[in-house]
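Right, one structure below, let's go through it.
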Amino acid sequence: MVGEGVLHECLLSPDVEKVLVVSRKPCGVKHPKLSEIIHQDFFNLSPVESGLSGYNACFFCLGVSSVGMKKASYERMTYDLTMNFARTLARVNSGMSFCYISGAGTDTTEKGKSHWARVKGKTENDLQTLGFRQTFLFRPGILKPTPGLSNTLGFYKWAGWLIPVFELLAPNHVTSLTQLGKAMIRAVTKGYDKKIIEVKDIKLLSV
């Protein structure tokens, strides 16, 4: 859902000249700006590495929920996969900016009680050591889907009516996919004075 929403904003933006989607299956979108690399094993990027160079930014939107996952599996899919992809990009794109979709509540001390938050925190910390020109760590909370897109998560289909309530009661915990995509584009093209981008920062960057 997040990747589709961010892609939608990139294709709409005049600040984005070209978009490469790297995925395990076709995204189903056709656009003059868009090209795709379909690759199954994100732990071995050597077969597609040559196609990853020549880009200014990576918007890394891949992620899994920790619900129902064993700790080792969650660490592999959240930390190991992300770092492998990021190290490859840092090697072939020396001037790249890297945007990582993390999550509200991420624990960069790596010492808290929540396992998922510690893993996300370690991922955030280690991404900042790879030598990217800029590294931005986005922490959206509840995300409002973009109308008309096809990959809206089931939760939003049956409980989406609650989002306006959450937004009224806790405005700093709710943003939209549209705002997130625009904020990522703005951060890499114009810069921002924070590396950790919370919901309030996403809203500021998106206007």
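Each value in this text was obtained by applying a stated rule to the coordinates, not by laboratory testing. Because the structure is a prediction, the values reported are computed rather than measured. With ideal geometry, Cβ positions are generated from the backbone for all residues, glycine too; neighbour counts draw on all protein chains shown.
In a simple Cβ point-charge model (Lys, Arg +1; Asp, Glu -1; nothing else charged), the chain has a dipole of about 220 debye relative to its Cα centre. For the pair Leu11 and Met69, a Förster radius of 30 Å applied to the C-beta separation gives a FRET efficiency near 0.40, rounded to the nearest 0.05. For the chain, the 222 nm mean residue ellipticity estimated from helices alone, with every DSSP H stretch of n ≥ 4 adding -39500 (n - 2.57) and the total spread over all residues, rounds to -10500 deg cm²/dmol.
Compute the separation of the alpha-carbon centres of the range 165-197 and the range 71-107 and state it in Å as a whole number. That distance is 19 Å. Ignoring solvent entirely, what values of log10 I(q)/I(0) come out of the Debye formula for the range 23-96 at 0.28 Å⁻¹ when each Cα is a single scatterer? Cα-only, vacuum Debye calculation for the range 23-96: -1.41. Exceeding 24 Å between C-alpha atoms, which entries from my cross-link table qualify? They are Lys30/Lys182; Lys18/Lys200; Lys144/Lys203; Lys25/Lys194; Lys33/Lys122. Those over the limit are Lys18/Lys200; Lys25/Lys194; Lys33/Lys122. With 0.36 nm allotted per residue and the present C-alpha distance subtracted, the Asp126-Thr189 stretch has 20.4 nm of extension available. Candidate cross-link partners of Lys120 among the aspartates and glutamates, defined by an alpha-carbon separation under 13 Å and a same-chain spacing of 8 or more, comprise Glu75, Asp80, Asp107, Glu110. Modelled this way, with points 7 Å down the Cα-to-C-beta line, the labels at Arg76 and Arg91 are 2.1 nm from one another. Segment Val207..Asn56, full-extension length gain: 52.2 nm, with 0.36 nm per residue of separation and the alpha-carbon distance subtracted.
Selection among Gly63, Pro32, Met96 by position relative to the dipole of the chain gives Gly63 as farthest towards the positive end (Cβ unit charges, Cα centre).
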